[in-house]
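Where a number appears in this text, it was derived from the coordinates with a stated rule and is not lab data. Computed from a predicted model, the values in this text were never measured in an experiment. So basically every Cβ, Gly included, is an ideal-geometry build from the backbone, and we count neighbours across all protein chains shown.
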Protein chains: 2
Amino acid sequence: MKNNAIGVFDSGLGGLTAVSKLHELLPEENIIYFGDTARLPYGTRSRQTIVRYAKSDLAFLVSKGVKAVLVACGTVSSNAINELQASTDIPIVGVVEASADRACEVAMSGNGKVLLIGTSATVGSKKYEEYINSKYRGIEIISKACPMFVPLVENKLRCGYSIKRMIAAEYLLEIAAQKPDAVILGCTHYILLADVLKELFYRSVLIDSGEEAAKRMKKTLETDGLISPTEGKTEYYVSDGSEEFLGKASVFMQDDIKSVELIDIENYN
Amino acid sequence: MKNNAIGVFDSGLGGLTAVSKLHELLPEENIIYFGDTARLPYGTRSRQTIVRYAKSDLAFLVSKGVKAVLVACGTVSSNAINELQASTDIPIVGVVEASADRACEVAMSGNGKVLLIGTSATVGSKKYEEYINSKYRGIEIISKACPMFVPLVENKLRCGYSIKRMIAAEYLLEIAAQKPDAVILGCTHYILLADVLKELFYRSVLIDSGEEAAKRMKKTLETDGLISPTEGKTEYYVSDGSEEFLGKASVFMQDDIKSVELIDIENYN
């Protein structure tokens, strides 16, 4: 079992930012990545549908014999993590607890203010509030859905910096005046907007939820005795547009991805 | 048969703009609308996946006994219309031929220039070029994918006019200088950006592909002897987010929609 790969999934390509971090932290572990490109985006769907899609994504990775799963999707981590954990014995690590812990650590040595930004489904789930309020005292958490951020990253315009800045300001300018100590980028796509977000939140620490989840995965594997350096090989699977995946992947990670396999995700339940 | 409803489907809510037009043109016909909100958007997917999704959308409407189907989705009309027409005996009307005919009519009394704007999959299909070149002489057709337009309409920002104008200019400012006689809005969402598009293309006629398809549907029913005034009732179905549908539908049509039914589209093949 411990020689098996780590599974990682996301609704699309945003989760590749977490794979990058895993490559840094655990360069000799094998990884199997799945991006559900036939059904993305998840962040605007109902909780019921997010749970159904997430279960089939997990079923695919389990069919590949993975030893643990990193849910590199903020929307699934906020809306379906309990259902996923209840359905299997292998460790399932999402982005919520890892990034909330890091944000609270920062906020506790500041003014106690955390801002969560994410998809509509992530913000609507109230999962961050629930976790932080149950574990920390004196932390004020505010949240804001930024539904245009995923399409903005996925369809980067030719010379889009001013457009990115304008959309980010539209969602976040007022909230930035509240000077949060930490801003949780609750969607793994958002780190690709770090330039404009740093401009808006120049006083705040930006928390990359994919990176925090990757660190948490390393800890989990160590605790469970599941670390096992093997070939350091990563396999990529998507449910649609494999050629487009190869074209776009470099936006999300530096690694040169040479091949990707197309699967029919509706066969996994 | 002729007493049965007209079926209309789209990947999501854009097709409601075509239903509006059908209500104007054929107020006494019954209509069954399906929006595939669990799998939208279609415009960034591969042709293979678009065909598969479109076939199940059609299968759902056929299971409801519709007498004809209006494909109120530019992406499906450009990528899967032949497959849909081959799979059933009822008339299937898409947006391509109807809106291309109207655009060429305009262009022939002008400078012979037509611009198509649509999703990446619509522009990539080259279906408009194929149809226009086979039927008309001396028409120059140019095309431009505008992948941010659908998310822009679906997630309208609080005071987004300047953002809409900036994104539209990014895609279309250079091409507007070519002064097309007619601009085909090849996606049924785009009519909701008519304000900024009219500003950019103040010399051109904007062709609403949903409206042209509705007119074509009326003609087809007349020709086939399928017109049959009944109750003028419309039923709405979606594959996800029925409450959100009720909240958003008013963006796309004036009618007050009181109920919508949720179906599992993966059960239809």
Which loop-located GluC sites (Glu not before Pro) does the stretch B:117-209 contain, where loop means any DSSP state but H, G, I, E or B and the Cβ has at most 15 other Cβ atoms within 10 Å?
-> none
Degrees separating the helix B:161-176 axis from the principal Cα axis of chain B, which is the longest one = 60
Chain A: angle of helix A:242-252 to the longest principal axis, Cα-based, in degrees nearest 10 | 40
Taking the Cα atoms only, what angle lies between the long axis of helix A:16-25 and the longest principal axis of chain A, rounded to 10 degrees?
-> 80
Going through B:Lys113/B:Lys198; A:Lys2/A:Lys233; A:Lys55/A:Lys215; B:Lys164/B:Lys248 one by one, the pairs whose alpha carbons sit over 20 Å apart turn out to be A:Lys55/A:Lys215
When the charge dipole of the protein assembly as shown is computed with +1 on Lys and Arg Cβ and -1 on Asp and Glu Cβ about the Cα centre, the Cα farthest towards its positive end, among A:Ile141, A:Phe60, B:Phe34, belongs to A:Ile141
Compute the distance in nm between two label points, each set 7 Å from the Cα along the Cα-to-Cβ direction, one at B:Lys2 and one at B:Lys179.
-> 4.9
Subtracting the Cα-Cα distance of B:Ser134 and B:Gln48 from 0.36 nm times their residue separation yields 28.5 nm
From the Cα centre of the stretch A:1-75 to that of the stretch A:137-215, the distance in Å is 22
